[in-house]
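Everything below concerns the one structure shown next.
Coordinate-derived values only; no laboratory data. Treat the numbers as computed from the prediction; the structure is a model and nothing was measured. Positions of Cβ are backbone-derived with ideal geometry, glycine not excepted, and every protein chain shown enters the neighbour counts.
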Amino acid sequence: MDNWKLRLHTLLKTGDQVEKLLVKNPNVSDELANSAIKLISFAAINDPEFLLQEILMSANHNMSMISLAILICHAPDKFIDRVTTKDLIHDVLIHRDPEQLLEIVEYFKSKVFSKGFGSRPQKMIRRAMEHWSAQTLQRYIDLYTRSLYSLLRLVHPRYKNEKGKMIQRLLS
């Protein structure tokens, strides 16, 4: 395994520890954050398939959402436009709660990774939200009302039937 791949693997596996270090020692945060972003960006450009595999394997770690945002921003269009890639990204996003999805939307909106919240990332997040079951949506309404409300205003998912009525009640 290449040196950068090993560093990336370690970063995504130990992302929680890196995040704790950043919070405890703010003097190190900019340097660590910049080197992490550069490494993930390098992977997205040079080997997006490897980065996506690492994201899938570390989907429960905090660094996976940052990595996914960077992947969507920096990977070649040809890679992102593949149906299999879209399906794998969907598999990561559909299991995220509204707060986590709102986090990735904020990364896009801030343009911190160079691209904004254009139609491609918006459609990816909308697709994940639209595929939540009615039970999952109700649980998110109960637990994450504010985050879900913000997401609804930013992403504009198209709900119908029972889920549409649930959203109408939330928005009114």
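Odds and ends about this structure:
- Assuming charge only on the beta carbon of Lys and Arg (+1) and of Asp and Glu (-1), the dipole of the chain about its Cα centre is about 700 debye to the nearest 20.
- Charge tally in the Cβ shell below 13 Å around Arg146, where Lys, Arg are +1 and Asp, Glu are -1, Arg146 excluded: -2
- Here segment 101-172 is assigned +1 on the Cβ of each Lys and Arg and -1 on the Cβ of each Asp and Glu. Its dipole about the Cα centre then comes out at about 280 debye.
- Simple spin-label estimate for Gln138 and Glu162 gives 0.7 nm between the two label positions (7 Å along the Cα-to-Cβ direction from each Cα).
- Correct option for mean projected area of the Cα convex hull in nm² [calculated from the coordinates] among [x] 12.6; [y] 10.4; [z] 15.5: [y]
- For the chain, the relative contact order comes to 17 percent (Cα pairs under 8 Å, sequence separation of at least 6).
- Charging the Cβ of each Asp and Glu at -1 and of each Lys and Arg at +1, and nothing else, the dipole of segment 58-135 about its Cα centre rounds to 340 debye.
- Phi angles of segment 142-147 translate, via the Karplus equation with coefficients 6.51, -1.76, 1.60 and θ = phi - 60°, into HN-Hα couplings of 6, 8, 10, 3, 5, 5 Hz per residue; Gly and Pro are given as x.
- Cβ-based charge dipole, the chain, positive-most Cα from Ile72, Ile45, His156: His156
- Modelled spin-label separation between Arg146 and Asn34, with each label point placed 7 Å from Cα along the Cα-to-Cβ direction: 3.3 nm.
- For the residue pairs Lys78/Lys115; Lys111/Lys160; Lys78/Lys165; Lys115/Lys163; Lys78/Lys163; Lys38/Lys78, the alpha carbons lie more than 28 Å apart in Lys111/Lys160; Lys78/Lys165; Lys115/Lys163; Lys78/Lys163.
- Residue-averaged 222 nm ellipticity for the chain, from DSSP H runs of 4+ at -39500 (n - 2.57), nearest 500: -24000 deg cm²/dmol
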